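Engineer: Questions regarding the structure given below will be posed in turn.
The values are calculated or read from the model by the stated rules, or taken from the named source; none is laboratory data. Model, not experiment: these values are computed from the prediction. When we count neighbours, we look across all protein chains shown, and the Cβ atoms used for this are built from the backbone with ideal geometry, even at glycine. Areas reflect the complete protein model, heavy atoms only, side chains present, ligands, DNA and RNA absent. Shrake-Rupley method; radii C 1.70, N 1.55, O 1.52, S 1.80 Å.
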Amino acid sequence: MLVVRSVFLFLLAAVLEIGGAWLVWQGVKEHRGGIWIGAGVIALGVYGFVATLQPDAEFGRVLAAYGGVFVAGSLAWGAVADGYRPDRWDITGALVCLAGMAVIMYAPRGR
């Protein structure tokens, strides 16, 4: 059950961080204004809190593993929100990152 909770928290963190960064990008680069930027800043702040809810207490491990989720999530977000089409190398790289994330977070450790 801890793995399911952890995966859910990683996905929620990805939506908040990638979504927050996208909102800031839209506010600044696409000239959508301060409300978009403010919403992005709030989402990024909430992301920082959600990361602390991971069952593993090691900051470095959690953030390193989240990097794999961020890579795959960013490509998915770009595909859905901006029409970006990842090529086979993007997808291969994202899968490698997710495999690394799984090793970092869920490998059996003799604790």
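Engineer: The conditions are (1) free of Cβ contacts under 8 Å to residues at least 40 places away in the same chain; (2) open to solvent by less than 50 Å² (accessible area, probe 1.4 Å), and residue 12 fails exactly one of them. Which is it?
Structural biologist: (2)
Engineer: I need the full set of residues from region 77-111 which are of a type in the set (A, V, I, L, M) and either under 20 Å from residue 21 (Cβ atoms) or touching a His at 6+ places or on another chain (Cβ under 7 Å) (or both), in order please. Can you show your working first?
Structural biologist: Going through region 77-111, the residues of a type in the set (A, V, I, L, M) turn out to be 79-81, 91, 94-96, 98-99, 101-105, 107.
Answer for region 77-111, where residues must be of a type in the set (A, V, I, L, M) and either under 20 Å from residue 21 (Cβ atoms) or touching a His at 6+ places or on another chain (Cβ under 7 Å) (or both): 79, 80, 81, 94, 98, 101.
Engineer: Moving on. Could you tell me whether region 64-86 includes any residue that is assigned to a helix (DSSP H, G or I), of a type in the set (Phe, Trp, Tyr) and surrounded by fewer than 17 Cβ atoms within 10 Å (Cβ to Cβ)? Walk me through it before giving the result.
Structural biologist: Looking only at region 64-86, we keep the residues that are assigned to a helix (DSSP H, G or I), and these are 64-82.
Then drop every residue that is not of a type in the set (Phe, Trp, Tyr), which leaves 66, 70, 77.
Those left that are additionally surrounded by fewer than 17 Cβ atoms within 10 Å (Cβ to Cβ): none.
No, there is no match, as no residue in region 64-86 is assigned to a helix (DSSP H, G or I), of a type in the set (Phe, Trp, Tyr) and surrounded by fewer than 17 Cβ atoms within 10 Å (Cβ to Cβ).
Engineer: Of all residues in region 1-59, how many are in contact with a Pro (Cβ under 7 Å, 6 or more places away or on another chain) and aliphatic (A, V, I, L, M)? Give the derivation first.
Structural biologist: Of region 1-59, the ones in contact with a Pro (Cβ under 7 Å, 6 or more places away or on another chain) are 2, 5-6.
Filter once more, so that each one left must be aliphatic (A, V, I, L, M): 2.
Residues flagged as in contact with a Pro (Cβ under 7 Å, 6 or more places away or on another chain) and aliphatic (A, V, I, L, M) within region 1-59 amount to 1.
Engineer: Still on this structure, I have one more. Does any residue of region 61-74 turn out to be free of Cβ contacts under 8 Å to residues at least 12 places away in the same chain and aromatic (Phe, Trp, Tyr)?
Structural biologist: Within region 61-74, the subset free of Cβ contacts under 8 Å to residues at least 12 places away in the same chain is none.
So far as region 61-74 goes, no, none of its residues is free of Cβ contacts under 8 Å to residues at least 12 places away in the same chain and aromatic (Phe, Trp, Tyr).
Engineer: Please verify whether residue 43 is in contact with a Leu (Cβ under 9 Å, 6 or more places away or on another chain), among the hydrophobic types (A, V, I, L, M, F, W, C) and buried (at least 19 other Cβ atoms within 10 Å of the Cβ), treating the condition exactly as stated. First the steps, then the outcome.
Structural biologist: Details: in contact with a Leu (Cβ under 9 Å, 6 or more places away or on another chain): yes; among the hydrophobic types (A, V, I, L, M, F, W, C): yes; buried (at least 19 other Cβ atoms within 10 Å of the Cβ): yes.
Judged against the criteria, residue 43 is a match.
Engineer: Could you check, for region 14-24, whether at least one of its residues is out of contact with any strand residue (DSSP E or B) (no Cβ under 6 Å at 6 or more places or on another chain), within 16 Å of residue 102 (Cα to Cα) and modelled with pLDDT of 95 or more?
Structural biologist: Step one: filter region 14-24 for residues out of contact with any strand residue (DSSP E or B) (no Cβ under 6 Å at 6 or more places or on another chain), giving 14-24.
Adding the requirement that they be within 16 Å of residue 102 (Cα to Cα) leaves 14.
In the following step, the residues that additionally are modelled with pLDDT of 95 or more were identified as 14.
Yes: one or more hits.
Engineer: Just name the residue that is most open to solvent (accessible area, probe 1.4 Å) out of those in region 15-37 that are of a type in the set (Val, Ile, Thr) and farther than 24 Å from residue 56 by Cα.
Structural biologist: 35
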